[in-house]
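Just so you know, all these numbers are worked out from the coordinates, no wet-lab data involved. Note that this is a predicted model, so its numbers are computed, not measured. With ideal geometry, Cβ positions are generated from the backbone for all residues, glycine too; neighbour counts draw on all protein chains shown.
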Amino acid sequence: MVHDVMYLRYLDYVLKHKWFVFLEYIRLGIPFQGIVHDMSKFRWSEFRDYAFNFYASEKAKSDDNWNLYGDYHVWELIPWGMMYQDKFKIAWMHHQRRNPHHWEYWVNWERKGYEFPVPIPKKYLKEMLADWRAMSITQGGNTAEWYLKNQSKMLIREESREWLEKQLGVRDEAVILRKKEAIVEIEKIRRRYVQEKIQRACSD
Ligand SMILES: [Zn+2]
């Protein structure tokens, strides 16, 4: 029973999140999308793994017997050695693939090093923004600051980024930040190149 509370706590979180997203949607003029937002989180293939990952007790998560309460059937843990962290990542992957309000949905993962972001339709950009803002309300913090801190981890097509950044009021800052980060990245590659050249020269 105590263990099952994690499902209720997670349900409480999802409902609160959906409510704040709905309010944001009204602001953006797309209330219907607000109602259907994140519906897939109620599917068992997402709900259980999210609940377990965020709300299970440390005891339930402990390495040796993390399936202590039988949340998972043994056959679900094939391939052997699957941990709740793996199950959570799979659920998160399902969520991204099912929901166009996540930028990951709009990236063509062709092969390593050739990820290709495509433009995101305006209605989903609005949904993304509402999702981020609602997240800031439930978790505390400021959406613009959160975006600036995390922007380089997101693969978003430039024109879609521009719209999002203008809405957040951080367009200029974000562009400068990206340029600075690109310079640091180029410098790292240059150093690695020089290092490799020296090593090659020494081993000849
Ligand atoms: Zn979502």
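What to note about this one:
- Ranked 203, 136, criterion: other C-beta atoms within 10 Å, fewest first: 203, 136
- The convex hull built on the alpha-carbon positions of the stretch 62-124 has an orientation-averaged projected area of 6.3 nm².
- Simple label model, 7 Å out from Cα along Cβ direction - residue 82 to residue 16, nm: 3.1
- Histogrammed with a bin width of 10 Å, the alpha carbon distances of the chain distribute as 7, 25, 28, 22, 13, 4, 1 percent, first bin at zero.
- Each 10 Å bin from 0 upward holds the following percent of the Cα-Cα pairs of the stretch 77-187: 12, 37, 34, 14, 3.
- For the stretch 149-163, Karplus couplings with θ = phi - 60° (6.51, -1.76, 1.60), whole Hz, Gly/Pro x: 6, 10, 4, 6, 7, 9, 9, 10, 4, 3, 5, 6, 4, 4, 4
- Label-to-label distance, nm, for residues given as residue 166 and residue 179 (7 Å Cα→Cβ offset): 2.0
- Scanning the chain for trypsin sites (Lys or Arg not before Pro) in DSSP loops with at most 15 neighbouring Cβ atoms within 10 Å leaves 44-110 as the longest stretch between them.
- For the stretch 3-58, convex hull volume per residue from C-alpha positions, Å³: 64
- Just so you know, the Cα atoms of the stretch 137-204 work out to an Rg and Dmax of 17.9, 60 Å.
- Centroid-to-centroid separation of the stretch 33-84 and the stretch 155-189 [C-alpha atoms, Å]: 35
- Between 184, 21, 175, the Gaussian network model of the chain with springs among Cα atoms under 10 angstrom shows the greatest mean-square fluctuation at 184.
- In a fully extended conformation the segment linking residue 93 and residue 204 would gain 35.3 nm over its present Cα-Cα distance, using 0.36 nm per residue.
- Full extension of the segment from residue 111 to residue 73, taken as 0.36 nm per residue of separation minus the current Cα-Cα distance, would add 10.4 nm.
- Of the GluC sites (Glu not before Pro) in the stretch 109-144, the ones in a loop by DSSP (not H, G, I, E or B) with at most 13 other beta carbons within 10 Å are 110.
- Directionally averaged shadow of the stretch 1-111, computed from the convex hull of its alpha-carbon atoms, nm²: 8.5
- A Förster distance of 41 Å, applied to the separation of the beta-carbon atoms of residue 193 and residue 145, puts the FRET efficiency at 0.70.
- Loop-located chymotrypsin sites (Phe, Trp or Tyr not before Pro) in the stretch 37-143 (DSSP state other than H, G, I, E, B) with a sparse environment of at most 14 neighbouring Cβ atoms within 10 Å: 80, 114.
- CD proxy at 222 nm, helix term only [per DSSP H run n ≥ 4: -39500 (n - 2.57); per residue of the chain; nearest 500]: -21000 deg cm²/dmol
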